[in-house]
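One structure is given below, encoded as structure tokens.
The values are calculated or read from the model by the stated rules, or taken from the named source; none is laboratory data. Predicted, not measured: the structure shown is a model, and the values here were computed from it. Note: ideal-geometry Cβ built from the backbone for every residue, glycine included; neighbour counts use all protein chains shown. To get the accessible areas, we keep the full protein, side chains included, count just its heavy atoms, and leave off ligands, DNA and RNA. Shrake-Rupley method; radii C 1.70, N 1.55, O 1.52, S 1.80 Å.
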Amino acid sequence: HFMINRWVRTLPLYYIFLCLYIYLLTLPLGPGPSADPTHRSCDRIPDFLPFFFFLQNATQGAVERHCNWFGLSWTLSIEEWFYLGLPLALWLTRRRDLVTVVVALTIVLAALSVGGRALRFLGDTGYAADDMYRRVMLLRLDTFAYGVLTYVLMRTYPRQVEARKSLFAAVGIALLVISMALVVADDFGALFLKVLCLSVVPVAIALLLPTFVGLRVGSGRA
């Protein structure tokens, strides 16, 4: 039910605008592939096919590979592939404890994501942080796993999580502050930004979720 609801809300609009962008690109007076002022030297037509399968940023962001054409779609690519992989993993392990499965899945995705970014960094430290790390689907699948794990723990152990939510929030805020300090460090700021920060920040946000759930805002509840 969740996936159907999510797909109905996102996929029709995505494909409508994708086709509209392709149509405009083919017009004689339409926006060319070098419409982005930061990439005026790019004069090739983007490869449209990967966009239909959310593979446009599987291994590299859209800036160099597609001249940043429809570049904002990179987030949906990560989201849709996670939504496909999570139910498959749950179905394959349906006879096992849910918490154990989600914890194991989170650890595996975190190890693969951080390890993949580390290998890329060791291969070439000059890769752009945004295009070769932040936007790459295969290096960011752990992002959603932390939120799913938090949700499962909140549903499975509500009292325990509620009793410790202030501690979780304090740790989350501390991680965010430390991350902001480390990314500007002269000695290993680039390493932290490209390899660890993209996992540490989602973990910090996940730790804040128990505090925000049910938070009263004015006369209503969040």
In region 148-180, residue nearest to Thr106 (Cα to Cα) [restricted to those that are of a type in the set (Val, Ile, Thr) and open to solvent by less than 60 Å² (accessible area, probe 1.4 Å)]: Val148
Working only within region 54-66, note down all residues that are at pLDDT below 85 and open to solvent by 10 Å² or more (accessible area, probe 1.4 Å). Val63, Glu64, Arg65
Note down all Cβ pairs under 6 Å where the first residue falls in region 67-93 and is outside any helix (DSSP H, G or I) and surrounded by 13 or more Cβ atoms within 10 Å (Cβ to Cβ), the second is acidic (Asp, Glu) and modelled with pLDDT under 90, and they're at least six residues apart or on different chains. Asn68/Asp36
Please name all residue pairs, on different chains or six or more residues apart, with Cβ atoms under 6 Å, provided the first residue is in region 3-18 and is at pLDDT below 90 and the second residue is of a type outside the set (A, V, I, L, M) and part of a helix (DSSP H, G or I). Met3/Tyr83
Being under 30 Å from Thr100 (Cβ atoms), among the small types (Gly, Ala, Ser), touching a helix residue (DSSP H, G or I) at 6+ places or on another chain (Cβ under 6 Å) and surrounded by fewer than 19 Cβ atoms within 10 Å (Cβ to Cβ): is that true of Ala145 here? no
Output the number of the condition that Tyr83 fails; it satisfies all remaining conditions of (1) modelled with pLDDT under 95; (2) of a type outside the set (S, T, N, Q); (3) more than 26 Å from His66 (Cβ to Cβ). (3)
